[in-house]
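Data first, discussion second: the structure below is written as structure tokens.
What follows draws every value from the coordinates through simple rules; no lab data is involved. From a predicted model like this one, the values you see are computed outputs, not experimental measurements. Counting neighbours? That spans all protein chains shown, and the Cβs are built from the backbone with ideal geometry, glycine included.
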Amino acid sequence: MTSLATAASPTAALDPTTRRTAGARNRDRWFFTIAAAAAFAIVFGGFARTYYLKSLFSTPALAWLLHLHGALMTSWFVLYFVQTSLIAAHRVRVHRRLGIAGAVLAGLIVIVGAAVALHATRRDLHAPTNGGPPPLQALGFFFAVLLVFAILVGTALLLRRRRDWHKRLMLLSCVILSGPGLARITFERAPALAFLRGGGPGGLLDLVMLLVYACIAWDTWRNRRLHPAFVCGALLIAAVDLPFIWLLLSTPTWVHVATRLVS
């Protein structure tokens, strides 16, 4: 009977320490998956009217460049979920092969994202700002987001053999991509939550940063230590929206450079 039970349940043959380790890894996988899903929910909410559910809102047709941009951004989240599933299934070899495609996809996201930012700046250069940042400043902000994304992904790929760093940096690469989606959420039905978009002083309390803090809090509690990957990644993400960045984007030097880029 014991041998039959062991055959029916592979984990039954494991010693208690191994079972606890396997259970901890499973909880970690679910945590990283849920956190990435929350980041994608922000993206979906921000771009629902203009991209994901545009047929329901009769919004204007999109240029092919914007469709490509949306497809690439969505593909990044899909790839992340697939990669975490492959690791959970112990299919490491397939995971590594897909990682090559992921590196190419990340490069395309940066290139096409920069092209979309330039396209939007040319379109809005002489339009009213409606309370938002001037177009040339917004261009610099989107470039900064793409730069942080590239740093997170590039570092994660360089440290791909250090699993603890790799998986945390890849999760943060999903989180940083949710920023543009947050900027498009109006919170018109819940004005009390509008601070989640503005973020308060220094932008440190917006929904993206709150998601980062939640990741750090859970991971620190779970592992009984603050992982340096989350510290470095959180500082990079927070730096994008700090006041000194906006001061830099207001200088004549940046205005001159941005004007040349969109001309």
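Worth pointing out:
- Selection among SER263, LEU205, ALA71 by position relative to the dipole of the chain gives ALA71 as farthest towards the positive end (Cβ unit charges, Cα centre).
- Listed residues HIS126, HIS67, HIS227, most fluctuating in the chain (Gaussian network, C-alpha, under 10 Å): HIS126
- When the chain is treated as a GNM with alpha-carbon contacts under 10 Å, the residue of SER58, SER173, SER85 showing the greatest mean-square fluctuation is SER58.
- When restricted to Cα atoms, the chain yields an Rg and a Dmax of 21.0, 80 Å, respectively.
- Inter-part distance where the range 36-55 and the range 64-116 are each reduced to a Cα centre, Å: 17
- Placing a label point 7 Å from the Cα of VAL231 along the Cα-to-Cβ direction, the residues of the range 136-178 whose backbone N falls under 17 Å from that point are 164-166, 168-169.
- Given charges at beta-carbon only (K, R positive; D, E negative), |dipole| of the range 155-217 in Debye: 420
- One chain, two ends: LEU125 and ALA194. Fully extended at 0.36 nm per residue, the span grows by 22.2 nm beyond their Cα-Cα distance.
- Taking VAL212, VAL153, VAL82 as the candidate residues, the one with maximal mean-square fluctuation in a Gaussian network model of the chain, Cα springs under 10 Å, is VAL82.
- Computed from the Cβ-Cβ distance with R0 of 30 Å, the FRET efficiency linking THR259 to LYS54 stands at 0.40.
- Projecting the Cα positions of ILE109, LEU196, HIS95 onto the charge dipole of the chain (unit charges on Cβ atoms of Lys, Arg, Asp and Glu, taken about the Cα centre) puts HIS95 furthest along the positive direction.
- Residue range of the chain that is longest and free of trypsin sites (Lys or Arg not before Pro) which are both DSSP loop and sparsely packed (at most 11 other C-beta within 10 Å): 1-160
- Sequence-distant contacts, meaning Cα pairs under 8 Å at least 6 residues apart, place the relative contact order of the chain at 22 percent.
- Placing +1 on the Cβ of every Lys and Arg and -1 on the Cβ of every Asp and Glu, with nothing else charged, gives the chain a dipole about its Cα centre of roughly 900 debye.
- From helices alone, the chain scores -24500 deg cm²/dmol at 222 nm; the rule is -39500 (n - 2.57) for each run of n ≥ 4 DSSP H residues, then divide by the residue total.
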